[in-house]
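Report on the following structure.
FYI, it's all coordinate maths here, none of it is from the lab. Because the structure is predicted, anything quoted here is derived from the model rather than measured. Counting neighbours? That spans all protein chains shown, and the Cβs are built from the backbone with ideal geometry, glycine included.
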Amino acid sequence: MSAAWSGVQRDERGSVLLLGIGMIVVGILAVAVAVDVSAAFLQRRALMSLGDSAALAGAQSIDLDSYYANGASIGTRLSPVAVASAARRQVGIARGSDEIAIESITTDGITVRVRLSEPLRLPFFGSLRSDRVRIESSARLDYRTAP
């Protein structure tokens with residue numbers, strides 16, 4: 001009976017070590033996934049902030065002649081050329097990466113819409129993908145006149 005018992009004991013030898021190594025690998029993978037998800041969230045938030053600042057810069061580029069003549073009335077509109085120029089200038093000033101693309105800057109005279117995109121950069125799993133994933137952000141700002 002003791003021979004059978006020692007055979008079972010010999011078969012289990014080292015299994016705790018394998019289980020421990022497996023737990024360490026799972027823990028490292030969990031940390032890597034958490035770091036990559038956090039990096040993606042922070043990168044998108046920074047892109048949204050840049051889009052917001054570009055939309056604000058565009059909305060502040062009102063037709064000054066009309067504004068000085070009429071004040072902030074319904075006749076004061078946003079100039080599409082001035083909006084695009086101010087928004088592009090803001091993106092150029094605040095841009096942290098040369099890979100940020102301005103997808104569109106549009107205005108109808110009252111509303112400014114800015115769409116930006118950039119490649120997603122992940123610290124751990126970013127090199128596993130051959131095609132680059134892009135994140136997008138859009139911002140909208142309405143120019144409101146005085147009542």
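Side notes on the structure shown:
- Label positions at Ala32 and Leu19, each projected 7 Å from the Cα along the C-beta direction, are separated by 2.5 nm.
- Tyr68/Arg44 FRET efficiency (R0 35 Å; Cβ-Cβ; nearest 0.05): 0.35
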